C-alpha cells in the first residue's frame, strides 16, 4: 500500500488569492493524480501529475487555474489559482501503485473561499 | 465519458443488519475498487477486484466482480455504527492506463 501525506488539511482563503497543496507519498508509485470533490458529490479527476513534465488535464480543467508540479516520483503540488467561492471543495491527492493496480488517497484538503 | 451508477443512493439500516449495494456500468471494466469515506477524510480503499466472478472479503465486507464485467457488489454483514459513511465504487476501463471512474456513492446510516 501507499501512505499519502497531504497538507494543509484545510484552509480558508480570500477570493483572488492562490493556495498550493502539497502531497508526499511514502513509496515509489507509478502515477499520481489530483481529484476534486465538491460538497456532497463524488470525485472528479483534475489531472494526472507527470514526473518532470507538464500534467495531463481532464476536460474542464486548465493549467492556468490548476498548475501542478511533480519534481520526483513521490512528491507533487497542486495550486488553486485566483480562487473564487466556486473553488470551495475538497482536493485530494492520490497515487497508483505499480503492482495490483490500487489507487490510494490522501486525507484531503478542505478549501473554503470567501 | 464512462459513467458508473451506484444503488441505492442512501440507506438507513438497523445495527446488526446486513447491507448490500451495487455499482453498474454500461461498459466493461477490468478492475473494481470499493472505498469508504468518513466526513472530513479521504476515501479509504476497502477491497480491490481484478477478475470476473472474483469474490473477495475484508472482515465483514465482501465484494464481487460481476460475471459480465459491468457490475460489482459490496456486502456488509452485521453492521455496526462505525460503518456509517459514504461508499464509493471505482472502475478501471478495459484499456490499461485509463483512469479510474468513480460512482456517485452510497450513503449508509446505521441506527442503534
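Shape analysis of chain A yields a ratio of the Cα radius of gyration to the Kirkwood radius, Rg/Rh, of 0.95. A protection proxy built from the mean count of other Cβ atoms within 10 Å ranks the segments A:39-45, A:104-110, most packed first, as A:104-110, A:39-45. Mean separation of Cα pairs under 8 Å and 6 or more residues apart, divided by the residue count, gives chain A a relative contact order of 37 percent.
Counts of other chain beta carbons within 10 angstrom of each beta carbon in peptide A:34-43 average 4. Neighbour counts of other Cβ atoms within 10 Å put B:4, A:111, B:55 in the fewest-to-most order B:55, A:111, B:4. Take every pair of alpha-carbon atoms less than 8 Å apart whose residues are at least six positions apart; their mean separation over the length of region A:18-65 yields a relative contact order of 24 percent.
Just need the relative contact order of region B:14-82 here, percent rounded to a whole number, with Cα pairs under 8 Å and 6+ apart. Computed value for region B:14-82: 40 percent relative contact order. Note on the protein assembly as shown: semi-axes of the ellipsoid equivalent to its C-alpha gyration tensor, largest first and rounded to whole Å, are 30, 21, 15.
Over the C-alpha trace of region A:57-114, radius of gyration and Dmax come out as 13.2, 42 angstrom. For the pair region B:26-44 / region B:47-84, the C-alpha centres are spaced 11 Å from each other. The order of A:88, B:25, going from fewest to most other C-beta atoms within 10 Å of their C-beta, is A:88, B:25. Size estimate for region B:1-74 follows the Kirkwood approach: the inverse of mean 1/r over distinct Cα pairs works out to 13.3 Å.
Panel order for A:26, A:87, by other beta carbons found within 10 Å of each beta carbon, from fewest to most: A:26, A:87.
We did not get these values from a lab; they are worked out from the coordinates using the rules stated. This structure is a prediction, so every number in the text was calculated from the model and none was measured. All Cβ positions, even for glycine, are placed from backbone atoms using ideal geometry, and neighbour counts span all protein chains on display.
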